[in-house]
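J.: Please find one structure pasted underneath; my questions will follow.
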Amino acid sequence: HGRDEGVTASSLREVGAWVSPCNHPQMMDEIKEGIQYVFQTRNPLTLVISGSGHCALEAALVNVLEPGDSFLVGVNGIWGQRATDIGERLGKEEDQLGMALAPPFEASLASLCVKLAAPVPG
């Protein structure tokens, strides 16, 4: 075949990265500072969560939604369905804007759904 199979030669820099200790708290602080910069905040309660995309979605919904809130979910795949599932577990009332997987959501349709889902005053 003309190539070696098995162990791949690594540079000293790569080997050094594998064996050096990782300062996780310092790394998270640096990421937090970057996020504070991006969102232009100095809020000391800015939180960096080390987790998957699902973890981030759940953290966002749990921290943004208040008791009695409703929310509109554009279900156009797995992430919209996951948001719906999280809302149901939280006991929230959500309206689903379902579409086939291929076409994108139209802003006018989303705007209409928000208007229709708005609570009636009085």
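J.: Any chance the range 90-99 includes a residue that's modelled with pLDDT of 85 or more, surrounded by 11 or more Cβ atoms within 10 Å (Cβ to Cβ) and touching a Ser or Thr at 6+ places or on another chain (Cβ under 7 Å)?
T.: Here is the first cut: in the range 90-99, the ones modelled with pLDDT of 85 or more are none.
Within the range 90-99, none of the residues are modelled with pLDDT of 85 or more, surrounded by 11 or more Cβ atoms within 10 Å (Cβ to Cβ) and touching a Ser or Thr at 6+ places or on another chain (Cβ under 7 Å).
J.: Kindly list the number of the only condition in (1) more than 30 Å from SER111 (Cα to Cα); (2) open to solvent by 50 Å² or more (accessible area, probe 1.4 Å) that fails for GLN40.
T.: (1)
J.: Regarding the range 53-72, can at least one residue be identified that is open to solvent by 60 Å² or more (accessible area, probe 1.4 Å) and over 30 Å from LYS115 (Cβ atoms)?
T.: Within the range 53-72 (the criterion being open to solvent by 60 Å² or more (accessible area, probe 1.4 Å) and over 30 Å from LYS115 (Cβ atoms)), the answer is no, since none of the residues qualifies.
J.: Turning to a different aspect of this structure: Does GLN36 qualify as being in contact with a Lys or Arg (Cβ under 7 Å, 6 or more places away or on another chain) and either free of Cβ contacts under 8 Å to residues at least 40 places away in the same chain or assigned to a loop (DSSP other than H, G, I, E, B) (or both)?
T.: On the way: in contact with a Lys or Arg (Cβ under 7 Å, 6 or more places away or on another chain): yes; either free of Cβ contacts under 8 Å to residues at least 40 places away in the same chain or assigned to a loop (DSSP other than H, G, I, E, B) (or both): yes.
For GLN36, the condition - in contact with a Lys or Arg (Cβ under 7 Å, 6 or more places away or on another chain) and either free of Cβ contacts under 8 Å to residues at least 40 places away in the same chain or assigned to a loop (DSSP other than H, G, I, E, B) (or both) - is met.
The values are calculated or read from the model by the stated rules, or taken from the named source; none is laboratory data. Fair warning: this is a prediction, and the values are worked out from it, not measured in the lab. We place every Cβ from the backbone using ideal geometry, glycine too, and count neighbours over all the protein chains shown. For accessibility, only protein heavy atoms count, side chains too; no ligands or nucleic acids. Shrake-Rupley method; radii C 1.70, N 1.55, O 1.52, S 1.80 Å.
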